[in-house]
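The values are calculated or read from the model by the stated rules, or taken from the named source; none is laboratory data. The structure presented is a predicted model; accordingly, all values stated were derived computationally and were not measured. Please note: Cβ atoms are built from the backbone with ideal geometry, for glycine as well, and neighbour counts cover all protein chains shown.
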Amino acid sequence: MTADKFRHLDIDDDKLTRLVEAALFIADKPVSVQTLKRELLIEYRVSNLRIRDIIKNIAAHYQGRGIELKKVASGYRFQTPSELSTDLAHLYKEKAPKYSRATLETLALIAYKQPITRSEIEDIRGVALSSQIIKTLMQRNWIKTVGHKEVPGRPVLYASTQEFLDYFSLTSLAQLPELMPLAELER
Amino acid sequence: MTADKFRHLDIDDDKLTRLVEAALFIADKPVSVQTLKRELLIEYRVSNLRIRDIIKNIAAHYQGRGIELKKVASGYRFQTPSELSTDLAHLYKEKAPKYSRATLETLALIAYKQPITRSEIEDIRGVALSSQIIKTLMQRNWIKTVGHKEVPGRPVLYASTQEFLDYFSLTSLAQLPELMPLAELER
Amino acid sequence: MAEKAPVAQQNNGKSGVMLQQVLPFAVLHGEAIVEKPQDLFIPPDALEIILEMFEGPLDLLLYLIRKQKFDILDLPIAPITTQYMNYVELMKDSKLELAAEYLVMASILAEIKSRLLLPKQAVEEEEADPRAELVRKLQQYEVIKNAAENLDTIPRVERDVFIAKVKLADNFVAKVVDTDVDLTELLAALQGVIKRTQAYQHHHIQKEALSTRERMAKIMAILNDTKNPQNYCNFSDLFTLNEGKQGVVVTFLAILELIKESLITCIQTHVYGEIRIALPQS
């Protein structure tokens, strides 16, 4: 056990549940177990395992309610179940942004084939890639640059981000739908 | 009953609870019964009384949890119970603003010419000293009062504290000018 | 129907292909388009929409192949090329800016077609199918096209799921973290002060003065200590032996300086008695 002068208070399950639940609700981005332990619970003696158990209980408590506790790439967050989306859309007069096929194809290429260069994207799609698309994806924080490919010109390599996974409520890239099986593709 | 051609669908209590709960959670501002009826439940046949009952049940469901349903002037909203504020504050750290040049000079003067009165500090700096600066330094526990100067008005004398030395990892005040280039001092 | 007639008439002279009774299925930049490529569905509104409908030559080719249920692995180059060319011609005729990629693809198709038409020599070398590279590209693109479509169906924040927002209680106050101050900042401030001191008072500040000042503050603190209600102490108590000669000198200088500044007074109640240092009686 680490001798941490801050972690000296005991906390019962009831209070721990209340604090964790409140923290998950007020955060403006997904909250990880580490964040809960390091920031919210800095004064309390509590293990990661116990925090995880508490989260599991909270998630169970919200089964079948108007909101659900969802694990995404960068942590846990409360969101509405997707089956309520049609009814809830009435509340939102501003429609969610729509993305063009070009943008979605570029995003799919970066997500599935990362790290990938711009010219590799252009090669597969068969058309030039507009800078606006890369800019949009960068501004949304869905893609990032992860260095340069060591070929002439040292082109930038793109990869997807945690925010991308969060936005699509995924915990990891492995959760992305499987690519169409085409045995001939992988030579 | 109004003959509203939109309101034709029936909705059971379970679904109504889920929708109202979700709406209360995702709204940007407090939600009124009217808003729920007019915007969220536009398609359903449901009375204000029934919506109010559902809200009452939701509020009861959150008794003793990490958040509570609160009625405010313009409607209902979820917020954290006030008794959790102290613990939740750990999640939101606010950096205090950087100290001004005036504050740092005042601190340097107190350290260097202690014990010193406020008007002596003003004389040297050539400008009036705001009370806020003294307050800031006192709150930080970097300066303290060490009595009064026996001149008319008996002004307070300020000196630096042990905490001030500790913060800057100084063993004694004598180290302060030593850290400066001697040329600077003797010019 | 009535408003379409003048358009047809107006375009009568411009388009040679057009028959008098035929209504154009699209009008673009004032020109009527009456012929459409075979097997290519063109929505009646405008050709620009068609151009936007396809993400490039690969997308268009895939459309043509899938539309006619051709086997992508056994690509019938001749009909596909004809249809593709029809489309490209149509786009060119309607003066739409055609992306260079479409023309490049046209020449690739033409080249494949001509190579397939060449009389088959005795199989001296195992030459690869001229279509192979194109087929591979089409497949590769189709996979990504499909992946993008799937990606678009995943529940998405703002569109399908909404994130809960909960307000903090009214009494909530964020923890304020103290400002960091770097020693160099303090020293810079000190330099500023010293410059001012010299400018205003022509003081010569020496290193010694500081420890005397520190000692002066310490003495004042002792006299003002709440645990010392009489506000005095014995002269001898102010000296600490283990500080050595230098410490004694510093303390003594501090006492002299404090007396000079009328901050303390010395009291001796009887001859040879203990000297007491006290705050001046006001």
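Looking only at the range B:61-87, which residues are within 18 Å of residue A:36 (Cα to Cα) and over 23 Å from the mean Cα position of the chain (by Cα)? Spell out the reasoning first.
As a first pass, look at the range B:61-87 and keep what is within 18 Å of residue A:36 (Cα to Cα): B:65-67, B:80, B:84-87.
Listed by number, the list holds a single entry, B:65.
Just to verify a result, which residue in the range B:88-117, among those that are of a type in the set (Lys, Arg) and under 30 Å from the mean Cα position of the chain (by Cα), is nearest to residue A:26 (Cα to Cα)?
Within the range B:88-117, the subset of a type in the set (Lys, Arg) is B:93, B:95, B:98, B:101, B:113.
Next cut, under 30 Å from the mean Cα position of the chain (by Cα) only: B:93, B:95, B:98, B:101.
Details: B:93: 14, B:95: 19, B:98: 28, B:101: 37 Å.
Ranking the qualifying residues of the range B:88-117, first place goes to B:93.
Kindly list the number of the only condition in (1) in contact (Cβ under 8 Å) with a residue 40 or more places away in the chain; (2) among the charged types (D, E, K, R); (3) out of contact with any Gly (no Cβ under 8 Å at 6 or more places or on another chain) that fails for residue A:29.
In the conditions (1) in contact (Cβ under 8 Å) with a residue 40 or more places away in the chain; (2) among the charged types (D, E, K, R); (3) out of contact with any Gly (no Cβ under 8 Å at 6 or more places or on another chain), residue A:29 misses (3) alone.
Can you tell me which residues in the range A:132-170 are basic (Lys, Arg), over 15 Å from residue A:113 (Cα atoms) and more than 18 Å from the chain's Cα centre (by Cα)?
A:135, A:154
Yes or no, residue by residue, for (1) more than 13 Å from chain A (Cβ to nearest Cβ); (2) of a type in the set (Lys, Arg); (3) within 26 Å of residue C:146 (Cβ to Cβ); (4) not in a helix (DSSP H, G or I):
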{"site": "C:59", "(1), (2), (3), (4)": "no, no, yes, no"}
{"site": "C:64", "(1), (2), (3), (4)": "yes, no, yes, no"}
{"site": "C:79", "(1), (2), (3), (4)": "yes, no, yes, no"}
{"site": "C:92", "(1), (2), (3), (4)": "yes, yes, no, no"}
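Does residue A:70 satisfy the criteria of being assigned to a loop (DSSP other than H, G, I, E, B) and on the phi < 0 side of the Ramachandran plot? Outline the logic, then answer.
Details: assigned to a loop (DSSP other than H, G, I, E, B): no; on the phi < 0 side of the Ramachandran plot: yes.
It is false that residue A:70 is assigned to a loop (DSSP other than H, G, I, E, B) and on the phi < 0 side of the Ramachandran plot.
Residue-by-condition table, conditions (1) loosely packed, with under 14 Cβ neighbours inside 10 Å; (2) out of contact with any Lys or Arg (no Cβ under 7 Å at 6 or more places or on another chain); (3) part of a helix (DSSP H, G or I):
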position	(1), (2), (3)
B:65	no, no, no
B:85	no, yes, yes
B:98	yes, yes, no
B:103	no, yes, yes
B:137	no, yes, yes
B:145	no, yes, no
B:154	yes, yes, no
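Would you please list the contacts, defined by Cβ atoms under 7 Å and residues six or more apart or on different chains, that run from a residue in the range C:160-182 that is farther than 23 Å from residue B:86 by Cβ to a residue that is in a loop (DSSP other than H, G, I, E, B)?
Hits for this filter: C:161/A:80; C:161/A:169; C:161/C:155; C:162/A:80; C:181/B:99.
Would a scan of the range B:29-38 turn up a residue that is of a type in the set (D, E, K, R) and over 23 Å from residue A:24 (Cα atoms)?
Yes; the residues of the range B:29-38 include at least one that is of a type in the set (D, E, K, R) and over 23 Å from residue A:24 (Cα atoms).
Looking only at the range B:117-127, which residues are modelled with pLDDT of 90 or more and not in a helix (DSSP H, G or I)?
B:117
Filter the range A:11-33 for residues that are modelled with pLDDT of 95 or more, under 19 Å from the mean Cα position of the chain (by Cα) and not aliphatic (A, V, I, L, M) and give the result.
Hits for the range A:11-33 are A:25, A:30, A:32.
Identify, from the list B:37, B:70, B:29, the residue that is basic (Lys, Arg) and within 26 Å of residue C:175 (Cβ to Cβ).
Step by step, each of B:37, B:70, B:29 is checked, and only B:70 is basic (Lys, Arg) and within 26 Å of residue C:175 (Cβ to Cβ).
Quickly run through the range B:59-104 and pick out the residues that are more than 8 Å from every other protein chain (Cβ to nearest Cβ) and among the hydrophobic types (A, V, I, L, M, F, W, C).
Matches in the range B:59-104: B:59, B:60, B:69, B:72, B:73, B:102.
Can you name the residue in the range B:105-116 that is facing chain C (nearest Cβ under 7 Å) and part of a helix (DSSP H, G or I) and is also modelled with the highest pLDDT among such residues?
B:107
So for the range B:67-86 (the condition being in contact with a Pro (Cβ under 9 Å, 6 or more places away or on another chain) and of a type in the set (Asp, Glu)), does at least one residue qualify?
Taking every residue of the range B:67-86 in turn, at least one turns out to be in contact with a Pro (Cβ under 9 Å, 6 or more places away or on another chain) and of a type in the set (Asp, Glu).
Of the residues in the range C:211-267, how many are loosely packed, with under 14 Cβ neighbours inside 10 Å, in a helix (DSSP H, G or I) and small (Gly, Ala, Ser)?
Total meeting the criteria: 2.
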